[in-house]
Every structure is written in structure tokens, then in C-alpha cells.
Amino acid sequence: MKVLIIGGGGREHAIAAGMKKSRRVDRLYCIPGNAGIAQIAECEPSIGVMEFDKIAAYAKDKKVDLVFVAPDDPLAAGLVDVLEAEGLRVFGPRKNAAILEGSKAFSKDLMKKYGIPTAAYENFDDPEKAMAYLENARMPVVLKADGLALGKGVLICNTLEEARAGVREIMQDKHFGSAGDVLVVEEFLTGREVSVLAFVDGRTVRTMTSAQDHKRAYDGDEGPNTGGMGCFSPSPFYTAEIDEFCRKHIYQPTVDAMAAEGREFKGVIFFGLMLTPEGPKVLEYNARFGDPETQVVLCRMQNDLMDVVDACIDGTLENVELKFEDNAAVCVVLASEGYPVSYKKGFAINGLEHFEGKADYYCFHAGSKFDDKGNVVTNGGRVLGVTAKGATLKEARSKAYQAAEWVTFSNRYMRHDIGKAIDEA
């Protein structure tokens with residue numbers, strides 16, 4: 001089979017690596033790709049993920065058998081619908097289902113309607129009304145831009161002053177653009193945060209192994225929110241008891257609710273959970289693989305990825321049993337100093353050859369490209385996802401940090417406490 005992957009980050013590199021292992025896939029393409037993905041796929045950096053007509057023409061020109069749409073923006077904007085209308089076979093939710101991530105107000109209303117546990121909230125399209133509501137709200141409070149904001153449109157406000165400033169930032173100054181036209185004001189939940197990815201075929205849910213992400217930029221969970229600075233899998237806090245509760249009250253009810261609303265969901269749902277003292281609650285949904293969760297989850301999956309993708313599209317997921325290795329994985333993100341606010345790029349990346357031929361070690365490229373001399377250089381805030389597997393989480397973490405030292409580039413930055421919660425498990 002020929003497979004075209006849409007996207008150019010660490011998630012897409014991990015997906016490409018998973019597809020490369022499939023016994024059924026012999027040719028990989030990627031739009032736009034990156035320098036790492038280019039090692040295993042034919043990349044087309046001149047086409048962007050939002051250039052739907054060009055993507056469709058490229059897919060037909062290459063006679064691909066499947067298009068795998070990985071990022072949130074093209075999913076929410078309806079790339080799957082466009083490609084299907086062109087007669088192409090596509091993995092990912094259609095536009096009317098991708099709204100599960102595309103609008104936080106929609107997903108909160110859905111959970112309220114169908115009794116799926118989540119934080120108490122109110123939606124606002126008028127900043128003055130949001131300000132008035134906050135006068136009597138209990139602090140801390142969480143403000144969320146309704147639309148897509150690269151995983152960064154969430155503010156935790158500890159005081160009324162911070163909350164007022166947050167409303168101005170999101171709704172009036174449009175710091176996150178049109179994503180902030182509607183604001184979700186949510187109660188602040190406490191507990192462990194856990195991510196669970198699930199394959200969905202419209203009716204059946206098959207959950208993958210759990211993972212735990214680190215969103216804040218700096219050690220000790222300090223600094224601004226990022227797309228994710230590292231991850232580990234499985235989460236020792238995601239017990240069999242919690243899994244049973246979530247299957248009954250969160251996973252299946254979410255898929256059933258979308259079907260009941262006429263928004264059949266086929267693809268991957270990312271369940272962002274908070275394990276509160278009152279039980280698990282949904283923090284957020286993503287309508288696709290998470291990043292960097294994909295890097296620590298797919299490398300542990302034993303199934304042929306292509307088989308699972310086919311089952312989701314064809315509605316036969318009930319016949320699939322997902323299997324994962326009985327081990328652990330840790331991903332440490334090597335970022336550009338200053339991310340996520342401002343940073344320089346174009347620096348040469350050295351040491352990538354150390355990963356060649358080493359089992360249990362992976363270097364997933366998130367923001368890289370070739371310069372005009374063919375050298376691999378930095379091209380983003382998150383540059384690499386150095387990932388390692390081990391028999392235990394502690395071993396995997398030790399190996400990941402060891403491997404992180406194999407790679408160097410100017411202005412390299414990373415957190416040094418990824419997976420520290422493992423010590424408290």
C-alpha cells in the first residue's frame with residue numbers, strides 16, 4: 001500500500017514510523033514532513049496542511065491508497081470531507097465530528113447533555129458578561145479559548161485580577177485569534193492529569209495504553225503552557241479501577257453521544273482526564289493523536305497500525321484487540337530556548353547518527369528541516385522528541401535522558417524532570 005500522512009511534527013514522525021513497520025505498507029509520503037520523516041517517507045514541503053486542493057491533487061497523482069490526516073487544524077476545517085469527496089480513502093474524523101476538539105464550548109455542552117463527568121463551566125461570547133460572572137467566581141479559575149490554539153489557549157488564573165486580564169487577552173486582544181471569540185470559564189480541578197488515546201469506528205472504542213504529558217515550559221511545572229515538553233507511558237496512576245470507570249462513564253458515552261448527535265466519529269479520540277478526589281473527569285477532548293503522547297504510545301503498540309486504521313474506517317473495530325508491550329516509554333522534548341514565546345531557528349543539529357541501529361531508542365523530529373547545503377537544522381519551538389523504552393518507567397526515563405545528551409544544537413533547551421511523578425507512584 002501507499003500511504004500519505006498529513007502533518008510535519010513529532011506526532012507525524014511517530015505515525016510514519018508505525019506505518020513503516022506495517023507488513024502492508026511499502027511506500028510512505030508526507031505533507032509537508034520534516035528532515036526526520038524524510039528518512040522514511042517522500043516529503044512534499046511545498047504544500048501546507050491547509051492547502052486542501054493541492055493535497056487532493058498530490059494524493060491522486062501519487063495514487064495513494066490511504067490519506068492519514070494527523071493535525072487538528074485541517075481536521076477541524078474539513079480536510080477529510082474534501083478528500084472523501086475526491087474518492088480518496090481517509091483516516092480521521094469528518095468536520096462535523098472534529099468539532100469535538102474544534103469547539104471547547106461544543107464539547108462542554110455535549111458532556112453536560114449526556115452526563116459525562118467534567119468540570120463545571122459557563123460559555124461566553126461577550127467579554128463584559130464574562131467579567132461580570134468572574135466577580136463572584138471561586139478562584140482559581142480556568143479560562144479556555146473556544147477554538148484551536150496550538151494547545152496553548154488555556155489560562156489558569158489564581159486571582160480575580162489575573163482572570164480579568166485573561167478575558168482581555170483572549171476575547172479583546174485576540175491573543176489566540178478567532179479561537180477566542182467564545183470563552184469557556186471552568187472550575188479549577190485538582191489531581192493527576194492523564195491522557196488516554198482511543199481508536200474509534202463510530203460505535204466501538206478501543207483504548208490504547210495510558211500516558212502522562214508535561215505541558216509547562218520549565219522544570220517544576222513552571223512557566224507558560226506549551227504543546228508538551230515530554231511524556232511517559234503508562235501512567236502508574238491510571239489503575240484498573242479508574243479504567244473501568246472511564247470505559248463505563250466517559251469513553252463509550254462520548255462516542256455514543258456523538259453518534260446520537262448525528263456526528264459519527266471515526267479516527268482517534270484523545271481523552272484528557274483529571275483524576276480528581278471525586279473521580280475521573282474530562283479536561284478536554286482532542287480529535288486526533290496527541291503530541292508527544294503518540295511518541296510513547298505507538299512505539300509500544302504490537303498491532304499492525306494499518307490493520308487498526310482499516311478497522312476504524314470500515315466499522316470493524318470490535319474484531320480488533322489492541323496489544324501493547326509490557327514495558328514503559330519516556331519522551332524528552334528538546335526545544336529551542338524561549339519556546340513557546342519567541343525563539344531563533346536554523347541551527348545545525350548534531351549527533352543524530354547516534355540513534356542509528358539502536359533498539360529501544362527513537363529520535364522523533366518535531367521541528368527540523370534541511371538547509372540549502374543538505375544539513376539538518378532546527379525549524380520550530382519543539383525540535384526533537386528523544387524517546388526510549390525500558391522494562392520500567394525509571395529505566396525508560398534514565399535511557400531517554402542519556403540519549404538526550406547524544407544530540408546538540410545551539411539554544412537547546414529541555415526540562416530535566418520529565419516523569420518525576422514516577423517517583424511518587
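Given the condition among the polar types (S, T, N, Q), free of Cβ contacts under 8 Å to residues at least 40 places away in the same chain, outside any helix (DSSP H, G or I) and open to solvent by 10 Å² or more (accessible area, probe 1.4 Å), answer yes or no: does some residue in segment 367-378 qualify? Explain how you work it out, then say what you get.
Pass one, segment 367-378, residues among the polar types (S, T, N, Q): 368, 375, 378.
Imposing the further condition that a residue be free of Cβ contacts under 8 Å to residues at least 40 places away in the same chain reduces the set to 375.
Right, trim to outside any helix (DSSP H, G or I) and you get 375.
Narrowing the set further to residues that are open to solvent by 10 Å² or more (accessible area, probe 1.4 Å) leaves 375.
Looking through segment 367-378, at least one residue is among the polar types (S, T, N, Q), free of Cβ contacts under 8 Å to residues at least 40 places away in the same chain, outside any helix (DSSP H, G or I) and open to solvent by 10 Å² or more (accessible area, probe 1.4 Å).
For residues in segment 105-136 being open to solvent by 40 Å² or more (accessible area, probe 1.4 Å) and in contact with a strand residue (DSSP E or B) (Cβ under 7 Å, 6 or more places away or on another chain), which is farthest from Lys266 (Cα to Cα)?
The first filter runs over segment 105-136 and keeps only residues open to solvent by 40 Å² or more (accessible area, probe 1.4 Å), leaving 109, 112-115, 120, 122-123, 125-126, 128-129, 132-133, 135-136.
Then keep just the ones that are in contact with a strand residue (DSSP E or B) (Cβ under 7 Å, 6 or more places away or on another chain); that gives 120, 122-123, 133.
Working: Ala120: 28, Glu122: 29, Asn123: 27, Tyr133: 37 Å.
Only one residue fits best here, namely Tyr133.
Return yes when Gly267 is on the phi > 0 side of the Ramachandran plot and either buried (at least 17 other Cβ atoms within 10 Å of the Cβ) or polar (S, T, N, Q) (or both) and no when it is not. So that I can check it myself, show each step before the final result.
On the way: on the phi > 0 side of the Ramachandran plot: yes; either buried (at least 17 other Cβ atoms within 10 Å of the Cβ) or polar (S, T, N, Q) (or both): yes.
When the stated conditions are applied, Gly267 passes them.
Could you tell me which of the residues Glu12, Glu84, Glu101 is acidic (Asp, Glu) and crowded, with 24+ Cβ neighbours inside 10 Å? Reasoning before the result, please.
Working: Glu84 fails: crowded, with 24+ Cβ neighbours inside 10 Å; Glu101 fails: crowded, with 24+ Cβ neighbours inside 10 Å.
None of the others qualify; the one that does is Glu12.
Could you check, for segment 394-411, whether at least one of its residues is assigned to a strand (DSSP E or B) and touching a helix residue (DSSP H, G or I) at 6+ places or on another chain (Cβ under 7 Å)?
Going through segment 394-411, the residues assigned to a strand (DSSP E or B) turn out to be 408.
Checking which are touching a helix residue (DSSP H, G or I) at 6+ places or on another chain (Cβ under 7 Å) leaves us with none.
No: segment 394-411 contains no residue that is assigned to a strand (DSSP E or B) and touching a helix residue (DSSP H, G or I) at 6+ places or on another chain (Cβ under 7 Å).
Any chance segment 358-366 includes a residue that's exposed (fewer than 13 other Cβ atoms within 10 Å of the Cβ), assigned to a helix (DSSP H, G or I) and without any contact (Cβ under 8 Å) to a residue 40 or more places away in the chain?
Within segment 358-366, none of the residues are exposed (fewer than 13 other Cβ atoms within 10 Å of the Cβ), assigned to a helix (DSSP H, G or I) and without any contact (Cβ under 8 Å) to a residue 40 or more places away in the chain.
Which residue is least open to solvent (accessible area, probe 1.4 Å), if the candidates are limited to segment 385-422 and must be closer than 22 Å to Asn225 by Cβ and among the charged types (D, E, K, R)?
Arg415
Do any residues in segment 175-198 that are within 13 Å of Gly272 (Cα to Cα) and open to solvent by less than 40 Å² (accessible area, probe 1.4 Å) have Cβ atoms under 6 Å from those of residues that are among the polar types (S, T, N, Q) and not in a loop (DSSP other than H, G, I, E, B), where the two are at least six apart or on different chains, and which pairs are they?
Once the first residue is within 13 Å of Gly272 (Cα to Cα) and open to solvent by less than 40 Å² (accessible area, probe 1.4 Å) and sits in segment 175-198, its partners that are among the polar types (S, T, N, Q) and not in a loop (DSSP other than H, G, I, E, B) give Leu189/Thr276; Val194/Ser210; Val194/Gln212; Val196/Thr207; Val196/Ser210; Ala198/Thr207.
Go through segment 379-389 and give me each residue that's touching a strand residue (DSSP E or B) at 6+ places or on another chain (Cβ under 6 Å) and part of a loop (DSSP other than H, G, I, E, B). Steps first, answer last, please.
Within segment 379-389, the subset touching a strand residue (DSSP E or B) at 6+ places or on another chain (Cβ under 6 Å) is 379, 381-389.
Correct list: Asn379, Gly381.
Counting residues that are free of Cβ contacts under 8 Å to residues at least 24 places away in the same chain, which helices (runs of 4 or more DSSP H) fully inside segment 60-103 reach at least 2?
Numbers: elements: 72-77, 79-85, 95-102.
It comes to 79-85.
The values are calculated or read from the model by the stated rules, or taken from the named source; none is laboratory data. Treat the numbers as computed from the prediction; the structure is a model and nothing was measured. Don't worry about glycine lacking a Cβ; one is built from the backbone with ideal geometry, like all the others, and counts go over all protein chains shown. Quick note on the areas: whole protein, heavy atoms, side chains included, nothing else; ligands and nucleic acids left out. Shrake-Rupley method; radii C 1.70, N 1.55, O 1.52, S 1.80 Å.
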